[in-house]
There are 2 protein chains.
Amino acid sequence: MTVTALIPFKPVNPKSRLSGVMSQAEREAFARAMLDDVVAAVLAAGCRPLILSTTPYRYPGAETRVDGSGLNESLNAILPTLPGATLIIMSDLPLVRPEIITRMLTTSATISIVPGRGGGTNAIYLKNPARFRADYYAGSFLKHLKVAEEFGVTVEVIDSFRLHTDVDEEGDLAEILIHGRGKSREYLVSLGFALDAECGRVKAERGRKST
Amino acid sequence: MTVTALIPFKPVNPKSRLSGVMSQAEREAFARAMLDDVVAAVLAAGCRPLILSTTPYRYPGAETRVDGSGLNESLNAILPTLPGATLIIMSDLPLVRPEIITRMLTTSATISIVPGRGGGTNAIYLKNPARFRADYYAGSFLKHLKVAEEFGVTVEVIDSFRLHTDVDEEGDLAEILIHGRGKSREYLVSLGFALDAECGRVKAERGRKST
């Protein structure tokens with residue numbers, strides 16, 4: 001049975017922490033480019049993408065549901081209605097590759113999870129979505145481990161920097177320039193972002209200012 | 001033949017970007033705790049640890065060589081003298097696990113590499129260390145890919161957030177509290193660091209101030 005890849009998405013005014021380097025229209029286009037990269041990866045891994053959008057949104061080739069309530073509320077409402085195994089994957093993971101999705105889907109545990117930087121949950125695969133309760137936001141990785149324990153199900157933590165790298169802040173953009181191969185990288189380059197080596201870690205800097 | 005695990009280490013006044021939250025003595029003890037975690041992992045993976053220290057240093061159970069010149073200079077001096085396959089692994093990778101080292105060592109390529117956050121090189125495995133030139137500091141991951149190309153050898157990029165997570169800044173400490181299992185975590189806890197959820201990402205905060 002095809003795995004549903006549930007992708008929460010905020011089309012309007014997303015990624016506010018990037019406001020210093022991108023206009024709202026640019027952030028919206030960038031969020032869409034990252035979504036494109038995630039959709040391409042889950043499709044290549046054989047999943048059915050289902051976009052869970054905070055506002056009405058059209059995405060050719062993928063079903064979209066709209067739920068304007070909070071992330072946890074909307075996920076916990078939709079999860080029990082899904083036909084079977086479900087991957088919840090965030091839309092801001094532009095380094096994702098199909099083979100990492102496959103690693104998640106082939107777990108011998110009941111749940112596989114990839115933590116995000118700072119203790120979030122970037123992707124979680126649920127063989128039985130009815131035996132789970134989404135508890136996102138600060139520290140969700142540790143909270144989800146507890147939820148699994150509560151339901152008495154096994155968890156495998158998947159060790160992937162590509163799925164660990166969620167993009168929220170300016171400092172995250174360099175990762176896309178270094179390791180990205182998709183539309184997100186292409187979009188950053190079109191905006192004039194380039195790598196600038198400094199202080200041991202490389203930063204992304206924008207040559208051409210946003211208008 | 002046993003793989004040499006070459007671990008560059010700076011015992012005196014290391015990790016200066018942590019000066020805001022740790023005294024020099026604490027940073028030195030913390031750097032040692034991280035080194036302990038790395039040595040334990042490479043030993044468990046069957047490697048022979050060889051510490052390349054910037055100043056004279058005694059580490060029970062591991063050979064130590066001293067070279068006060070720069071990182072690249074000291075690595076490029078020692079690499080051609082080593083007996084065979086060599087892993088260069090940084091000492092500030094407290095999330096490392098033996099199974100990731102094994103993944104690196106079992107590559108079918110000539111070189112396997114794990115990028116650090118911001119484009120560094122956290123670990124690199126060289127089947128033939130004579131056919132390599134270390135080029136660390138800003139952007140070394142991309143530079144090392146070019147070095148491999150120059151030498152005409154194949155490279156596998158290993159996707160691991162545990163080895164991707166090098167510890168330089170305050171923001172990195174939370175990763176140890178969340179995912180660490182070794183001496184580094186133990187040491188941070190002994191200093192009074194604890195997780196504090198804020199702004200979507202979890203931060204490490206120190207309850208008890210350094211004296």
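Beta bridges assigned by DSSP with both partners in the protein assembly as shown are antiparallel in approximately 50 percent of cases. Counting, for every residue in B:40-50, the Cβ atoms of other protein chains within 10 Å of its Cβ and taking the mean gives 0.
Between copies, the label points at A:G84 (set 7 angstrom from Cα along Cα-to-Cβ) are spaced 4.8 nm, reported in nanometres from shortest to longest. For a label point 7 Å from the Cα of B:S19 along Cα→C-beta, name the residues of region B:33-65 whose backbone N is under 17 Å from it. No residue qualifies, since no backbone N sits under 17 Å from the label point.
Here B:A40 and B:M1 are evaluated by their C-beta separation; at R0 = 22 Å the FRET efficiency comes out at 0.50.
Among the trypsin sites (Lys or Arg not before Pro) found in region A:1-74, those both in a DSSP coil and sparsely packed, with 11 or fewer other Cβ atoms within 10 Å of their Cβ, are A:R58. Among the listed pairs A:K143/B:K203; B:K15/B:K143; A:K15/A:K183; B:K10/B:K146, a Cα-Cα separation exceeding 20 Å is found for B:K15/B:K143; B:K10/B:K146. If you take the beta carbon distance between A:F151 and B:T154 as r and set R0 to 51 Å, what does 1/(1 + (r/R0)^6) give as a FRET efficiency, to the nearest 0.05? Computed FRET efficiency for A:F151 and B:T154 comes out at 0.70. Expressed as a whole percent, how much of the Cα-Cα distance distribution for the protein assembly as shown exceeds 27 Å? Result for the distance tail: 53 percent.
In the full protein assembly as shown, how much of A:K143 is accessible to a 1.4 Å probe, in Å² to the nearest 10? Near enough 70 Å² of accessible area. For the rotational copies A and B, the chain A residue with its Cβ nearest the relating axis, together with that separation in Å, is A:F161, 2. The other copies place their B:N13 label points at 4.8 nm from this one, listed shortest first, where each point is 7 Å from Cα along Cα→Cβ. Considering only the Cα atoms of region B:4-165, their convex hull presents on average a projected area of 8.7 nm².
Mean-square fluctuations from a GNM of chain A, with a 10 angstrom spring cutoff on Cα atoms, peak among A:L105, A:L18, A:L163 at A:L18. Placing pseudo-labels 7 Å out from each Cα toward the beta carbon at A:E186 and B:E205 gives an inter-label distance of 4.4 nm.
The values are calculated or read from the model by the stated rules, or taken from the named source; none is laboratory data. None of these values were measured; they are calculated from a predicted model. Neighbour counts run over all protein chains shown; Cβ positions are idealised from the backbone, glycine included. These accessible areas exclude ligands, DNA and RNA; they are computed on the full protein's heavy atoms, side chains included. Shrake-Rupley method; radii C 1.70, N 1.55, O 1.52, S 1.80 Å.
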